[in-house]
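Notes for the one structure printed next.
The values are calculated or read from the model by the stated rules, or taken from the named source; none is laboratory data. As the structure is a prediction and not an experimental result, all values here were calculated from the model. Here the Cβ positions follow ideal geometry from the backbone for every residue, glycine too, while neighbour counts run over all protein chains shown.
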Amino acid sequence: MIPVLGLVLGVVLGLVVSPEVPLWLQPYLPIAVIAALDAVFGAARAALEGIFNDRVFVISFLSNVVVAALIVFLGNQLGVGAQLSTGVVVVLGLRIFSNVAAIRRHLLGA
Amino acid sequence: MRFLRLGQARRDPDPAASMALLGEVLDPPIGPGYHSAAQARVEAGLPASSGYRTWLLFATAVVLGMLVTVAAVTLRAPDPVAAETRQQLISRIEAAQDVGDATSTRIEELRGQIQQIEQDRARAEQGPAAGRAIASAAMQAGASAVTGPGVVVVLEDATEAGEGAPGLDGTPERVNARDVQLVVNGLWSAGAEAVSVNGHRLTSTSAIRFAGEAIIVDFRSLAPPYEVRAIGDPDRLAAETSSGVTGAYLGELRSQLGITSRVDVREDVTISAAERLTTRYGHVLDDTTEEDRR
């Protein structure tokens, strides 16, 4: 319940405050969202397996976002930002899919 | 080297070990962190899961929600800078148009006053005939609004793409400048005394052109439907636009291209004064020289 409440509060805060994202930060937003999603699905899977740990979740969330942003930043500096972004999206997307598959196995048994 | 040997010692004897990367990609374990953390907790005598009622989790959830929302709001909106610039340009255009409209109403007012004063003076100095002469000259030149019986021809773009029509396939035919020109010329030839297109009075210096996708009358672009008003003998005008050359042309437009047209005969058609009457290069001959030449 608490995470859902927090999520709702965060969405409302985001809508109400709607902070202006500086232009240089905007290329990192989609990557950050996907990295966060990966952490969330990992956490959901861990929760279903009964071994959820808040500290691990927070650390994986933060490190995912930071590392993904770092890779994209590096790519931008080297002139291959688009390709590296694609790479990050592919890897994280695969992880999300397999985590969702595991969640599905837990929930639906299929 | 030490590390290398360490790795060798621990190497998985699985013959498919070289496929580990694929296995990792296709079916990754959950972050091993969860397993080891759970193990540590169990060893410490705590339940494996830390539960969900922690402030840390709450704060992370808030951050997560905000991140997703802000990303969605930011990335969904079209480039804010461009949008803002566009908005500014639009408001400037609108302001300029307002100013232009106000100016043209003012011009019309002033022109009316000038004409009135001219007529009054002429009447005072040279008698009522001179005043009437000015009034009729103004009417013929398009400097004053006129009202009288006449016809209203409305041309409208086709709503559906016709088959076999020229132009791009699948796009409805549109009214062309030539169509408007033909209608206007037909009306003049049928004795129209004043003609306007979408409220723009045609004078001796008016042009009907086609620029890009818009019909332009006197440097003003028009939007469909195109309404051609003409004052004149209603019977002759109606005959021209129904059975005359213009009528035949309109009928062809209707049957071949789907461009619809409507002709209304009215008792009372009002046509406003022209907006642009000044000449920049032509000068009136002086009275004396004119007399001399005669």
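Between B:A141, B:A83, which is modelled with pLDDT under 85, over 24 Å from B:D268 (Cβ atoms) and small (G, A, S)?
Result of the check over B:A141, B:A83: B:A83.
Which of the residues spanning the stretch A:1-23 are within 24 Å of A:G93 (Cα to Cα) and either more than 7 Å from chain B (Cβ to nearest Cβ) or touching a residue at least 60 places away in the same chain (Cβ under 8 Å) (or both)?
Scanning the stretch A:1-23 gives a single hit, A:V4.
Would the stretch B:72-84 turn up any residue that is within 19 Å of A:N64 (Cβ to Cβ), surrounded by 15 or more Cβ atoms within 10 Å (Cβ to Cβ) and within 13 Å of another protein chain (Cβ to nearest Cβ)?
So far as the stretch B:72-84 goes, yes, one or more of its residues are within 19 Å of A:N64 (Cβ to Cβ), surrounded by 15 or more Cβ atoms within 10 Å (Cβ to Cβ) and within 13 Å of another protein chain (Cβ to nearest Cβ).
Farther than 27 Å from B:A48 by Cα, at pLDDT 85 or above and under 11 Å from the mean Cα position of the chain (by Cα), is that true of A:A36?
No: the conditions fail for A:A36.
What's the number of the only condition in (1) within 14 Å of another protein chain (Cβ to nearest Cβ); (2) at pLDDT 85 or above; (3) surrounded by 17 or more Cβ atoms within 10 Å (Cβ to Cβ) that B:S50 fails to meet?
Only one criterion in (1) within 14 Å of another protein chain (Cβ to nearest Cβ); (2) at pLDDT 85 or above; (3) surrounded by 17 or more Cβ atoms within 10 Å (Cβ to Cβ) is unmet by B:S50, namely (2).
Which of the residues spanning the stretch B:212-261 are among the polar types (S, T, N, Q) and assigned to a helix (DSSP H, G or I)?
Start the filter on the stretch B:212-261 by keeping residues that are among the polar types (S, T, N, Q), which leaves B:221, B:241-243, B:246, B:255-256, B:260-261.
If the condition is that a residue be among the polar types (S, T, N, Q) and assigned to a helix (DSSP H, G or I), then B:T241, B:S242, B:T246, B:S255, B:Q256 are the ones that fit.
Kindly indicate whether any position in the stretch A:74-92 is buried (at least 20 other Cβ atoms within 10 Å of the Cβ), within 26 Å of B:Y52 (Cα to Cα) and more than 8 Å from chain B (Cβ to nearest Cβ).
Yes, the stretch A:74-92 contains at least one residue that is buried (at least 20 other Cβ atoms within 10 Å of the Cβ), within 26 Å of B:Y52 (Cα to Cα) and more than 8 Å from chain B (Cβ to nearest Cβ).
From the list A:R45, A:R55, which residue is of a type in the set (K, R) and in contact (Cβ under 8 Å) with a residue 60 or more places away in the chain?
A:R45 is the lone residue from the list that is of a type in the set (K, R) and in contact (Cβ under 8 Å) with a residue 60 or more places away in the chain.
Quick one: in the stretch B:23-45, of everything that is more than 13 Å from A:D54 (Cβ to Cβ) and modelled with pLDDT of 75 or more, which residue is farthest from the other protein chains (Cβ to nearest Cβ)?
This residue is B:G45.
State which residue is nearest to the other protein chains (Cβ to nearest Cβ) when the search covers only the stretch A:45-57 and only residues that are part of a helix (DSSP H, G or I) and surrounded by fewer than 18 Cβ atoms within 10 Å (Cβ to Cβ).
The residue in question is A:R55.
Hey, among A:N64, A:N99, which residue is touching an Asp or Glu at 6+ places or on another chain (Cβ under 7 Å), under 25 Å from B:M66 (Cα atoms) and assigned to a helix (DSSP H, G or I)?
When all the criteria are applied, what remains is A:N64.
I'd like the full set of residues that are farther than 27 Å from B:T105 by Cα and not hydrophobic (A, V, I, L, M, F, W, C), limited to the stretch B:182-216. Spell out how you get there, then give the answer.
Keep residues of the stretch B:182-216 that are farther than 27 Å from B:T105 by Cα, which gives B:182-183, B:185-191, B:212-213.
Those that are farther than 27 Å from B:T105 by Cα and not hydrophobic (A, V, I, L, M, F, W, C): B:N185, B:G186, B:S189, B:G191, B:G212, B:E213.
Hey, does the stretch B:131-148 have a residue that's hydroxyl-bearing (S, T, Y) and crowded, with 16+ Cβ neighbours inside 10 Å?
Looking for residues that are hydroxyl-bearing (S, T, Y) and crowded, with 16+ Cβ neighbours inside 10 Å, one finds at least one in the stretch B:131-148, hence yes.
Answer with yes or no whether A:I34 is surrounded by fewer than 20 Cβ atoms within 10 Å (Cβ to Cβ), in contact (Cβ under 8 Å) with a residue 40 or more places away in the chain, within 11 Å of chain B (Cβ to nearest Cβ) and under 21 Å from B:M66 (Cα atoms).
On the way: surrounded by fewer than 20 Cβ atoms within 10 Å (Cβ to Cβ): no; in contact (Cβ under 8 Å) with a residue 40 or more places away in the chain: yes; within 11 Å of chain B (Cβ to nearest Cβ): yes; under 21 Å from B:M66 (Cα atoms): yes.
No, not satisfied.
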